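Here the structure comes first, spelled out in structure tokens, and everything after it is commentary.
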There are 2 protein chains.
Amino acid sequence: MKALLMMGCPELPVQTAVALYIANKLNREGFEVTSAGNKAAISLLLNSDPEKHYIKKVMDLDRCIGALAEKKMDFDLCFVFIHSDSGTTYLATVKSLSQAKTVAVIFGKDIEPLIKASEGSIIIAAKAVHNPTPLRAQIDGVKSWAALTK
Amino acid sequence: MKALLMMGCPELPVQTAVALYIANKLNREGFEVTSAGNKAAISLLLNSDPEKHYIKKVMDLDRCIGALAEKKMDFDLCFVFIHSDSGTTYLATVKSLSQAKTVAVIFGKDIEPLIKASEGSIIIAAKAVHNPTPLRAQIDGVKSWAALTK
């Protein structure tokens, strides 16, 4: 099973922490996890995990979208990190290009419109900017990510 | 050898990544590392490192300052994370309460006044908000943190 974590610009501190937390859960379930983001998002992940315990494979976000569009790769499960409209655009892009089941990971201050724009995906959402605890509670509520791909 | 990482409010995404990066370096040099911060800062650290590979011991920032003031604990090396005036206040507090050699880890957009206010400490400083790479370069420039405590 293959999973993709797709991250936009990391303005909000919770994004990197939640990505690492989800990556660990997916690794433990046997997923091969790829993290895609812009330079800053990838740099935050790699510096947060210098011994690569959680983050095994990273790739540039634009290159990732290109490879999905050209059908050079695909995933079973795709997590899109959303704290602004650009996040919901990435979600729509993935839905149009990939066979993956999509999970919208929604955070920030004003989450209601983002939840509405993510209909049709599995929703993990909490008001969270600096403290990832409410998002973590939602993530822990899912007992098996593998089960969702079936 | 004991080291303390002291973190204020995590508005800027680089703080957590850099703390994890430094903690790993210190662990590898044999330091016993304690991370002190407010709830959000600690939650970001713990969720970023769910298997506790890097972060072994955390404590509330106010409780930490209290314990330093009461001489219930002390450290050989203390890293204070500074991206605003409140960070330089924590640095001054640690200097007055602890025997530790202090390292000011300065980041954000406007670092010059923060560098000036941190005179007398070892300075690790870079303009960095979303991307920790310039700070990492400074950290990697220090070959041995243990050597600095002597």
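Bear in mind that the values in this text are calculations on the coordinates, not laboratory data. If you're wondering where the values come from, they're calculated on a predicted model, not measured in any experiment. So basically every Cβ, Gly included, is an ideal-geometry build from the backbone, and we count neighbours across all protein chains shown.
Applying a threshold of 25 Å to the alpha-carbon distances of B:K2/B:K72; A:K71/A:K95; A:K101/B:K39; A:K127/B:K39; A:K25/A:K127; A:K2/A:K52 flags A:K101/B:K39 as lying beyond it. Computed from the alpha carbon positions, the gyration tensor of the range A:2-148 leads to an equivalent ellipsoid with semi-axes of 19, 18, 16 Å, biggest first. Between the alpha-carbon centres of the range B:95-110 and the range B:1-65 there is a gap of 14 Å.
What the Cα atoms of the protein assembly as shown give is an Rg and a Dmax of 19.8, 63 Å.
Shielding of peptide A:9-21 by partners, expressed as the average count of other chain Cβ atoms within 10 Å per residue Cβ, is 6. Here the range A:2-148 carries DSSP beta bridges of which approximately 5% are antiparallel, counting only pairs with both residues inside.
Compute the signed sum of charges (Lys and Arg +1, Asp and Glu -1) over the other residues within less than 12 Å, Cβ to Cβ, of A:L114.
Once all neighbours under 12 Å are counted, the net charge is -1.
Label-point distances for B:R63 to the equivalent site in the other copies, using a point 7 angstrom along Cα→C-beta, read 4.4 nm when ranked shortest first.
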